[in-house]
Amino acid sequence: MSNQLIAIIGGTGDQGKGLALRWAKKGFEIIIGSRDRERARAAAAAARAMLKASGADNVNLEGATNADAAAAAQIIVLTIPFAAQIATLKEIREKIKAGSLIVDVTVPLEPAVGGKPTRILGVWAGSAAQQCRELAPEGVQVVSAFQNVGAEALISLDREVECDVIVCGDDKEAKQSLRPLVAAIPGCRYIDGGPLANSRTVEAITALLIGFNIRYKTHTGLRITGIE
Ligand SMILES: NC(=O)c1ccc[n+]([C@@H]2O[C@H](COP(=O)([O-])OP(=O)(O)OC[C@H]3O[C@@H](n4cnc5c(N)ncnc54)[C@H](OP(=O)(O)O)[C@@H]3O)[C@@H](O)[C@H]2O)c1
């Protein structure tokens with residue numbers, strides 16, 4: 001287990017909550033971030049109660065503003081709607097310490113401009129993850145991951161999450177540092193997705209999975225075969 005503090009920016013939403021629950025259950029130190037301190041604290045209290053009910057002990061999970069969470073953490077996970085990505089990064093970027101790692105989970109789905117969740121938006125930077133890197137401070141690595149993992153599966157603590165996690169990034173060491181976070185989620189498997197530019201493809205797969213979910217009335221995940 002890593003002893004690094006993890007801030008989940010927008011952690012009051014479903015995806016952030018799911019990741020916070022899974023990681024806190026395995027002993028990672030988590031701060032749920034929100035634009036509103038009280039909302040963050042309430043989300044943290046609710047998550048602690050869920051974890052207690054699931055039998056988890058010694059949980060270290062608090063709530064703070066996004067800015068305070070980003071200032072305190074070594075790993076900063078972005079789980080905010082695409083439409084809020086630029087403004088949120090501009091708000092927290094000054095707070096992020098050099099040497100930290102940003103993990104972008106953002107998917108640029110069409111509802112950001114009023115369209116369908118089964119369609120992906122074109123992003124000038126190439127992908128949401130590359131847009132994140134353009135806004136990240138100097139000396140801070142950016143990787144993308146967990147875009148294909150559904151919140152529903154993450155929040156169901158009694159079940160395994162049947163999904164491979166494709167990690168994209170331009171720095172090998174930064175990507176490797178996600179291995180423990182992926183391994184902490186039962187059923188998930190780390191897959192090296194290559195450079196950050198490949199995130200464009202990974203983000204688009206989420207729109208495809210949402211389409212499957214609608215057509216088959218289920219919660220789908222992703223498995224890559226042929227890799228031991
Ligand atoms: N949900 C999933 O199953 C899933 C799966 C894979 C990837 N993702 C991606 O993960 C990200 C988060 O998904 P989600 O479903 O958790 O999203 P969400 O619930 O809509 O939003 C997450 C949090 O972002 C904050 N937020 C909302 N609008 C904002 C704005 N205009 N400015 C700043 N902050 C804002 C809110 O926190 P506060 O109001 O407390 O600040 C909210 O609780 C998205 O990019 C999504 O595409 C989601």
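The values are calculated or read from the model by the stated rules, or taken from the named source; none is laboratory data. Note that the structure is predicted; figures quoted are calculated from it, not measured. Every residue, glycine among them, receives a Cβ derived from its backbone with ideal geometry; neighbour counts consider all protein chains shown. Surface accessibility is based on the protein's heavy atoms, side chains included, excluding ligands, DNA and RNA. Shrake-Rupley method; radii C 1.70, N 1.55, O 1.52, S 1.80 Å.
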### Message
Please pick out the residue among ALA67, ALA40, ALA24 that is buried (at least 23 other Cβ atoms within 10 Å of the Cβ) and within 15 Å of the ligand (Cβ to nearest atom).
### Response
ALA40
### Query
Any chance the range 117-125 includes a residue that's over 28 Å from MET50 (Cα atoms) and among the small types (Gly, Ala, Ser)?
yes
#### Entry: Pair list, Cβ < 9 Å and 6+ apart or interchain, from the range 26-37 residues that are in a helix (DSSP H, G or I) to residues that are modelled with pLDDT under 95 and crowded, with 16+ Cβ neighbours inside 10 Å
none
### Message
Name the single residue that is nearest to the ligand (Cβ to nearest atom) among those in the range 27-37 being surrounded by 24 or more Cβ atoms within 10 Å (Cβ to Cβ) and under 18 Å from PHE82 (Cα atoms).
### Response
SER34
### Message
Out of the residues in the range 71-86 meeting the condition of being in a loop (DSSP other than H, G, I, E, B) and aliphatic (A, V, I, L, M), tell me which one is nearest to the ligand (Cβ to nearest atom).
### Response
ILE80
### Task
Scan the range 202-222 and report the pairs whose first residue is open to solvent by less than 70 Å² (accessible area, probe 1.4 Å) and whose second residue is part of a helix (DSSP H, G or I) and within 12 Å of the ligand (Cβ to nearest atom), with Cβ atoms within less than 7 Å and a gap of 6+ or a chain change.
GLU203/ALA128; THR220/LEU209; THR220/ASN213; GLY221/ALA153; LEU222/ILE205; LEU222/LEU209
### Query
Which of the residues that make up the range 6-21 are more than 23 Å from ASP57 (Cβ to Cβ), within 7 Å of the ligand (Cβ to nearest atom) and outside any loop (DSSP other than H, G, I, E, B)?
ASP14, GLN15
### Query
Considering the range 87-96 alone, what residues qualify as being near the ligand (Cβ under 10 Å from one of its atoms), in contact (Cβ under 8 Å) with a residue 40 or more places away in the chain and open to solvent by 70 Å² or more (accessible area, probe 1.4 Å)?
none
### Message
I need every pair where a residue in the range 98-113 that is on the phi > 0 side of the Ramachandran plot has its Cβ under 9 Å from the Cβ of a residue that is open to solvent by 10 Å² or more (accessible area, probe 1.4 Å) and not in a helix (DSSP H, G or I), sequence separation at least 6 or different chains.
### Response
GLY99/GLN74; GLY99/GLY139; GLY99/VAL140; GLY99/GLN141
### Query
Given the range 135-183, what helices (runs of 4 or more DSSP H) lie entirely inside it while holding 2 or more residues that are touching a residue at least 24 places away in the same chain (Cβ under 8 Å) and either crowded, with 22+ Cβ neighbours inside 10 Å or touching a helix residue (DSSP H, G or I) at 6+ places or on another chain (Cβ under 6 Å) (or both)?
151-155
